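To start, the structure itself, in structure tokens.
The values are calculated or read from the model by the stated rules, or taken from the named source; none is laboratory data. A quick note: this is a predicted structure, and the numbers were derived from the prediction, not measured. Cβ: placed from backbone, ideal geometry, glycine included. Neighbour counts: every protein chain shown.
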Amino acid sequence: MRLTLDQQSAIRSAVAETFGNAANIWLFGSRVDDNKRGGDIDLLIETSQSDVAAIVRAELAFLTKLKMKLGEQKIDVLVDYPTRHYIPPIFTIAKQTGIQL
Amino acid sequence: MTDDIPTLRLQDAWRECERHVYHLFHALSSIRTFWPLTGETYANLSDEQVQDVDQFILRFTKLQDTIGGRLFPAILHYLTEPFEDRPMIDKLNRLEKLGFIDSVERWQMVRNIRNQFAHDYPDDPDKNAAQLNLAFESARDLYAMLTTASTKLKAEYPALELGKLLSVE
């Protein structure tokens, strides 16, 4: 995985502050591969919240906090929540191939 | 009429902001008839309503870009603060310290709302709707940021002529 320990803990604490302690986080995509360089930080966050308005606010607050900690970075976030009507395949793949933080 | 370049730059950036504010709130006045959106209403918007939403997104984006990319740098230049080649975050922190921005975090939040427009979730209309609702609310924050900057400018530089910002209820 190509994230420093500081970056990992920044992600974990920003998720905890915005989605709560129970949320699960996976890093997936190119940052999982030690042989690549640079690239977006792709994250999947799994929450038990089901109010979409609250989820959108949490996602925004999360991105804002994380960017203030890590500086301007390309961070892509997927959020899995129980009331989603449709789960695109990328969610399953992210969990299968990703690393849980 | 002044020939002072920093003043002209600032006035020019301000005028551009005014133009975007006008069109942003014009779009919002149409949108008021059908918001807050739900996943269902979002999926069933009329062509006219989609145009209103698109206009809103365009002006929100432009206003955000103009404030961050032109107005804020122009204010620092006007104040003769040597921040031209510094990263954006340094400029923002400086402006917050000087009282031209209330909260850098709030600014970054609105910035991220603007960036989220790039994402469309075709599989998740509920989320699209929630994101737009949040953006509609945030138009007021963007407007408040302009008010903060202009109030401060007028207080410190009474001779500076800035256009009058459209008032919104």
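Observations on the structure shown:
- Just one of the listed residues (B:Arg106, B:Arg94) is over 30 Å from A:Tyr81 (Cβ atoms), among the basic types (Lys, Arg) and either free of Cβ contacts under 8 Å to residues at least 12 places away in the same chain or in a helix (DSSP H, G or I) (or both), and it is B:Arg94.
- Here B:Met109 meets each of (1) within 14 Å of chain A (Cβ to nearest Cβ); (2) surrounded by fewer than 13 Cβ atoms within 10 Å (Cβ to Cβ); (3) not hydroxyl-bearing (Ser, Thr, Tyr) with one exception, condition (2).
- Residues of segment B:112-151 satisfying the condition of being of a type in the set (D, E, K, R), buried (at least 18 other Cβ atoms within 10 Å of the Cβ) and more than 10 Å from chain A (Cβ to nearest Cβ): B:Arg114
- Residue in segment B:13-35 that is closer than 16 Å to B:Ala130 by Cα, free of Cβ contacts under 8 Å to residues at least 12 places away in the same chain and not in a helix (DSSP H, G or I) present: yes
- Of all the criteria given as (1) within 12 Å of another protein chain (Cβ to nearest Cβ); (2) in a strand (DSSP E or B), the one not satisfied by A:Trp26 is (1).
- Note on segment A:18-43: among residues that are more than 17 Å from A:Gln73 (Cβ to Cβ) and of a type in the set (D, E, K, R), the one that is surrounded by the most Cβ atoms within 10 Å (Cβ to Cβ) is A:Asp33.
- A count restricted to segment A:46-64 and to residues that are within 13 Å of chain B (Cβ to nearest Cβ) and not in a helix (DSSP H, G or I) stands at 4.
- Candidates B:Phe56, B:Phe83, B:Phe60, B:Phe100: the one that is modelled with pLDDT of 95 or more and outside any helix (DSSP H, G or I) is B:Phe100.
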